[in-house]
1. For the condition surrounded by fewer than 11 Cβ atoms within 10 Å (Cβ to Cβ), at pLDDT below 90 and not hydrophobic (A, V, I, L, M, F, W, C), what is the one hit in Asp75, Asp66?
2. In region 111-128, how many residues are within 12 Å of Arg30 (Cα to Cα) and either aromatic (Phe, Trp, Tyr) or modelled with pLDDT under 85 (or both)?
3. Which one of these is over 16 Å from the mean Cα position of the chain (by Cα), at pLDDT below 85 and either of a type outside the set (A, V, I, L, M) or under 29 Å from Thr12 (Cα atoms) (or both): Tyr99, Tyr131?
4. Go over the candidates Met28, Met15 one by one and state the one that is in a loop (DSSP other than H, G, I, E, B) and either at pLDDT below 70 or hydrophobic (A, V, I, L, M, F, W, C) (or both).
5. If you scan region 42-71, which residues turn out to be farther than 15 Å from Lys87 by Cα, part of a helix (DSSP H, G or I) and either in contact (Cβ under 8 Å) with a residue 12 or more places away in the chain or in contact with a helix residue (DSSP H, G or I) (Cβ under 8 Å, 6 or more places away or on another chain) (or both)?
6. Out of region 84-102, which residues are surrounded by fewer than 12 Cβ atoms within 10 Å (Cβ to Cβ) and either charged (D, E, K, R) or part of a helix (DSSP H, G or I) (or both)?
7. For residues in region 31-47 being surrounded by 11 or more Cβ atoms within 10 Å (Cβ to Cβ) and modelled with pLDDT under 80, which is nearest to the chain's Cα centre (by Cα)?
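The values are calculated or read from the model by the stated rules, or taken from the named source; none is laboratory data. Everything numeric in this text was worked out from a predicted model, so none of it was measured. All Cβ positions, even for glycine, are placed from backbone atoms using ideal geometry, and neighbour counts span all protein chains on display.
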Amino acid sequence: MIFWIIPILWVTAYMYFYIKAKCDDPAMTRVMIVLGSGGHTAEMLSYTSVLTCKFQPRLYVIATTDSMSEQKVLDLGDKCDIKFSIKRIPRAREVKQSYTSSIFSTLMSCLSAFPIVTIFRAKLVSYRNLY
């Protein structure tokens, strides 16, 4: 187990300092937008449609099983001249999935999301508050 700690720490430190060394335009704000299924996507896209051009590049994070959200993002991208990209991660829990098996799918989802979050290093993360 201890053999895994050293490489993980090294990769984390390398990614932190490498990304930090990259110089971004200080006038721009990197935005990560997490989209879900259903009305959540429409709500988030209505929020992002009022953002100015200062809020770019934009990274949309979408579940691998969600094709409708991707199409809506592409439609929005055609209307605006904004730099954006789309990343896909597995869902933490599918509908009607058992709680026992959702432990493993949640772990896979977290492992997929970690490099996206650490590499993109957004200054603003937008998601829907469920509470």
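1. Matching residue, one of Asp75, Asp66: Asp75.
2. Total meeting the criteria: 7.
3. It is Tyr131.
4. Met28
5. Within region 42-71, Ala42, Glu43, Met44, Leu45, Tyr47, Thr48 meet the criteria.
6. Scanning region 84-102 gives Lys96, Tyr99, Thr100, Ser101.
7. Looking at residues that are surrounded by 11 or more Cβ atoms within 10 Å (Cβ to Cβ) and modelled with pLDDT under 80, I get Gly36.
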